[in-house]
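Student: First the structure, which I've put down as structure tokens, then a few questions once you've had a look.
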Amino acid sequence: MNGIPPQLPPPANLAVAYTPVAFRPAFTLLLQLDMRFADIVRKAREPMIAQIKLAWWRDAFATEPALRPKGEPLLQALGAYGDVISSLALQDLVSAWELLLGEDEWAAQDVEAHAALRGRTIFGSYAAWAGEGCDISSLSHQWALDALRVEFPSKFVAFDNQPLPALPKGRKLRPLSILAMSVRKVTGFRLIGHALTGW
């Protein structure tokens, strides 16, 4: 619906670099879709217009790949990873961002529901691809809350900073710990050091 795929920020690129090659393109695409939807919400002068845009994406995800609208690179890329990114994950991601439309101030329950859906989509999808059965729900939820705080600093002030849930130590889940640390304002050499060592 908008031409050029969004460029991921450096911490997300670092997380992608540590993602196994087998599902690196799918993880990149999932992060790009998340950024696109965040941008729709951020620029929503008229909530109804933003709702129409998100509904367009919802409908496109529900359409057979061969019948999807042409001209949207992210949607075209999705055709190559349809067996990797689940339809449920895509629908959940749209739903997560729809929860934040239409109100000048976000209700706490909407923010919590957004964090649950968004965290499950991004972190849950990755963990399933990596074949890791550990419970990352607390980490994914906190990541989504912290990400909102970074992305929408003027709107999202309802939650106090909480200690970061324990980071997964295994190499397979390193991309998730990189994302989690990056929205806690861990940057530069400290974040690169974590990527390299897990500490």
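Student: Scanning segment 116-145 for residues that are among the polar types (S, T, N, Q) and in contact (Cβ under 8 Å) with a residue 40 or more places away in the chain, which turns out surrounded by the fewest Cβ atoms within 10 Å (Cβ to Cβ)?
Tutor: Among them, the one singled out is Ser125.
Student: Assess whether Leu148 counts as being in a helix (DSSP H, G or I) and free of Cβ contacts under 8 Å to residues at least 60 places away in the same chain.
Tutor: The answer is yes for Leu148.
Student: Also: Take the residues in segment 1-50 that are in a helix (DSSP H, G or I) and acidic (Asp, Glu); name whichever of them is surrounded by the most Cβ atoms within 10 Å (Cβ to Cβ).
Tutor: Asp34
Student: Can you tell me which residue within segment 1-59, out of those that are under 13 Å from the mean Cα position of the chain (by Cα) and β-branched (Val, Ile, Thr), is nearest to Asp92 (Cα to Cα)?
Tutor: Thr28
Student: Still on this structure, I have one more. Answer yes or no: is there a residue in segment 75-87 that is farther than 17 Å from Met35 by Cβ, touching a Leu at 6+ places or on another chain (Cβ under 9 Å) and assigned to a helix (DSSP H, G or I).
Tutor: The answer is yes, given that some residue of segment 75-87 is farther than 17 Å from Met35 by Cβ, touching a Leu at 6+ places or on another chain (Cβ under 9 Å) and assigned to a helix (DSSP H, G or I).
Student: Would you say Asp92 is modelled with pLDDT of 95 or more, under 24 Å from Ser182 (Cα atoms) and not aliphatic (A, V, I, L, M)?
Tutor: Taking the combined requirement at face value, the residue satisfies it.
Student: Mind listing whichever residues of segment 170-199 are exposed (fewer than 11 other Cβ atoms within 10 Å of the Cβ) and either touching a residue at least 40 places away in the same chain (Cβ under 8 Å) or in a loop (DSSP other than H, G, I, E, B) (or both)?
Tutor: Trp199
Student: For segment 81-107, which positions are touching a residue at least 40 places away in the same chain (Cβ under 8 Å) and either touching a Pro at 6+ places or on another chain (Cβ under 7 Å) or basic (Lys, Arg) (or both)?
Tutor: Matches in segment 81-107: Tyr81, Leu101, Gly102.
Student: So which of Trp143, Trp106 is part of a loop (DSSP other than H, G, I, E, B), in contact with a Lys or Arg (Cβ under 9 Å, 6 or more places away or on another chain) and of a type outside the set (Lys, Arg)?
Tutor: None of the others qualify; the one that does is Trp106.
Student: Still on this model: Can you name every residue in segment 68-115 that is exposed (fewer than 12 other Cβ atoms within 10 Å of the Cβ), more than 18 Å from the chain's Cα centre (by Cα) and farther than 26 Å from Phe152 by Cβ?
Tutor: Once the filter is applied, which keeps residues that are exposed (fewer than 12 other Cβ atoms within 10 Å of the Cβ), more than 18 Å from the chain's Cα centre (by Cα) and farther than 26 Å from Phe152 by Cβ, segment 68-115 yields Lys70, Gly71, Gly79, Asp83.
Student: Quickly run through segment 145-189 and pick out the residues that are under 17 Å from Pro10 (Cβ atoms), among the basic types (Lys, Arg) and modelled with pLDDT under 90.
Tutor: Arg184, Lys185 - these are the residues of segment 145-189 that are under 17 Å from Pro10 (Cβ atoms), among the basic types (Lys, Arg) and modelled with pLDDT under 90.
The values are calculated or read from the model by the stated rules, or taken from the named source; none is laboratory data. What you are looking at is a predicted structure, and each value in this text was computed from that prediction instead of being measured. All Cβ positions, glycine included, derive from the backbone under ideal geometry; neighbour counts span all protein chains shown.
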